[in-house]
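Note sheet for the following structure.
The values are calculated or read from the model by the stated rules, or taken from the named source; none is laboratory data. Since the structure is predicted, the reported quantities are computational estimates derived from the model, not experimental observations. Cβ placement follows ideal geometry from the backbone for every residue including glycine, while neighbour counts extend to all protein chains displayed.
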């Protein structure tokens, strides 16, 4: 066998020791003087060389004195450093890896060609075992599926058709032809082998004979004892499992059947008993307690007990000097009772209830505060009281009556002839200085004090604006003390009921008050206080009611009009305006010439209908101004009276959106031939628009239908909804046009005639609005 050594890196030829990073000689830190033998003092050659990394080799021979692992004589390692300072890196390292030549490139090397190196050479691999490194088909674990092939591809020493273990399965079908118990019919058991040749073994094979397994118990806390309620049957004990059960707490590794019972509140040894209840308790972990028979939390040192927890009637303390009396213990309060209450070994000394006694020289039962002493019992001539202000005068003490005439502080209250005098006069506080006193603030004094007065008429002594003779005003005060706040105030306001809540009040329901009563307002202009829609701010509508309280109903409503010009406005529920042409002259209508010739035509009413008789060109008759409406319908009945002899009727129409002779909308129908000789096929129909005198046809019917019949009344309807115009003849729609201007508006509606010469009769002219 040949063993080769190669260097992981090319050898480096060094002129001196190298540093860890750049190969240069480390500086010694000395400026000036010699580099290797300089001392730290900065001069001379007598100082010892430095060894900064403490590896026992000084800087003059150490090639890296900053790294204690690098020095001459160190073991060379595969770490890309010159460990032994011989100028070469990784040569003859003591920890090289072993690689094997892989000539056929199948990932396995030949056993007889090993190579040790720090870095894997090209053409070498780490796994060996290749039995034919000249042929890539031969390597460990290669497939042998052809029982007729005599080659040992998987390098296991047998060929496909051999049955070396005589188990009835040739090597090509047997995963281990050296063991007769291992073959495709084998029984998988716990032995670390793939017994049935299915590529799986032991616990990894579902066909495992569980009778060969061991029971493993879940050991979540890793203490070597598992939970009997959670077990597995396995060949090898899995991580987190143990072969011994009985653990009663899998969350605590200190609790298991092998643990010692200690004082920690747990059943450490899993015998169902914990701490003091377990006879196996390690008493070295227990505490000493003492009997506390009187229950004062202090124990008797003469009666100790060992336990984890304090037994009933025992405590950790042992300082009680009388365990039969709960009031006696180290925390007890020393009192005057003849006992050592606080167990300090002294009786009644420093008792908290020592009494203070005061000398009573005048014998009046009241003592002198300046002559005091303390003791449990009263001394001779001492009293408990210390309030005598003159212990030489038995007539002066806190129990005496104060008098106004002796200039003495008779009752020892620190005041002489004060309000406590039995003969003092009665006054009342006048805090606000309004000359009237507060009956609730009584002042007794020998003479009238400042800020007091002899009467008690003031009902608010904090406010100088409140007294019995004052004038009542609106300020939420009882200014005149008559018991009525703001009653009969001189500056009260008139309020009017607003029952309908429209913020306008009923002039006939007035209340005078300072504060606004609920449901009232200052306004009194409501003409109907039961209807919130009726008030001065309301819009007048056609309903027969004076909605805006201006004294008249409907006159200013949007749909009201004065058809006859007599100043009386009328409304209708659905018909905004209608005219039947039954009078001899049509009132409220005007005629206009649209052609500019000055001839407005001769319009007449006869037989209950209207017509133009003078053959005027482009003449219009319009009704009263009705304002603008976004939605409306203009309807009329039209009779075509064309004859062959007169050639009458060139055009008829309905006008709407009429502002003046230069601005209007018109639906017209005309054809100079249709009515001659009584033709009945109908004329062309146009929607016509004039703006500032410029007129244009916007939409036209094709004239193919028999819509307008000669000598026959036809119902014509023009409906406008916003910008949309729809025209019908006897209910049949002939035009539908959407205008670019919205809304179109109504203004003055009317009728139109063009060179008709009594050829167009109009009746039942109606304007409606939704």
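Just a few scattered comments:
- For region 280-303, taking the residues that are closer than 30 Å to residue 269 by Cα and part of a loop (DSSP other than H, G, I, E, B), the one that is farthest from the chain's Cα centre (by Cα) is identified as 280.
- Among the conditions (1) surrounded by 14 or more Cβ atoms within 10 Å (Cβ to Cβ); (2) touching a residue at least 24 places away in the same chain (Cβ under 8 Å), residue 480 misses just one, which is (2).
- Restricting attention to region 627-641, the residues being farther than 20 Å from residue 687 by Cβ and either modelled with pLDDT under 65 or within 60 Å of the chain's Cα centre (by Cα) (or both) number 1.
- Enumeration of residues in region 148-179 that are modelled with pLDDT of 80 or more, farther than 21 Å from residue 106 by Cα and surrounded by fewer than 18 Cβ atoms within 10 Å (Cβ to Cβ): 166, 168, 173, 178, 179
- Restricting attention to region 586-606, the residues that are at pLDDT below 80 and out of contact with any strand residue (DSSP E or B) (no Cβ under 7 Å at 6 or more places or on another chain) total 6.
- For residue 221: the one exception among (1) in contact with a strand residue (DSSP E or B) (Cβ under 8 Å, 6 or more places away or on another chain); (2) more than 30 Å from residue 306 (Cα to Cα); (3) surrounded by 16 or more Cβ atoms within 10 Å (Cβ to Cβ): (1)
- Among residues of region 519-545 that are on the phi > 0 side of the Ramachandran plot and part of a loop (DSSP other than H, G, I, E, B), those with a beta-carbon under 7 Å from a residue that is surrounded by 15 or more Cβ atoms within 10 Å (Cβ to Cβ) and modelled with pLDDT under 90 at least six positions away or on a different chain give the pairs 544/553; 544/554.
- Of all the listed residues (370, 422, 440, 405), the sole one being assigned to a strand (DSSP E or B) and out of contact with any strand residue (DSSP E or B) (no Cβ under 6 Å at 6 or more places or on another chain) is 440.
- In the condition set (1) within 28 Å of residue 247 (Cα to Cα); (2) under 53 Å from the mean Cα position of the chain (by Cα), residue 260 is compliant with all but (2).
- When we screen 227, 202 for residues that are in contact with a strand residue (DSSP E or B) (Cβ under 6 Å, 6 or more places away or on another chain) and surrounded by 14 or more Cβ atoms within 10 Å (Cβ to Cβ), the only hit is 227.
- Search result, residues across region 425-437 that are surrounded by 14 or more Cβ atoms within 10 Å (Cβ to Cβ) and not in a loop (DSSP other than H, G, I, E, B): 425, 427, 428, 429
- Residue check for residue 203: over 30 Å from residue 254 (Cβ atoms), within 60 Å of the chain's Cα centre (by Cα) and not in a loop (DSSP other than H, G, I, E, B): yes
- Number of residues in region 206-238 that are under 22 Å from residue 194 (Cα atoms) and assigned to a loop (DSSP other than H, G, I, E, B) equals 9.
- For region 756-770, filtered to residues that are in contact with a strand residue (DSSP E or B) (Cβ under 7 Å, 6 or more places away or on another chain), surrounded by fewer than 22 Cβ atoms within 10 Å (Cβ to Cβ) and assigned to a loop (DSSP other than H, G, I, E, B), the residue that is modelled with the lowest pLDDT is 770.
- The conditions of being under 60 Å from the mean Cα position of the chain (by Cα) and part of a loop (DSSP other than H, G, I, E, B) are met by residue 67.
- Options 75, 86, 111, 53; residue that is at pLDDT below 90 and either over 30 Å from residue 154 (Cα atoms) or under 60 Å from the mean Cα position of the chain (by Cα) (or both): 53
- Residue match in region 252-274 (condition: surrounded by 16 or more Cβ atoms within 10 Å (Cβ to Cβ) and assigned to a helix (DSSP H, G or I)): no
- Residue within region 323-344 that is surrounded by fewer than 18 Cβ atoms within 10 Å (Cβ to Cβ) and under 54 Å from the mean Cα position of the chain (by Cα) present: no
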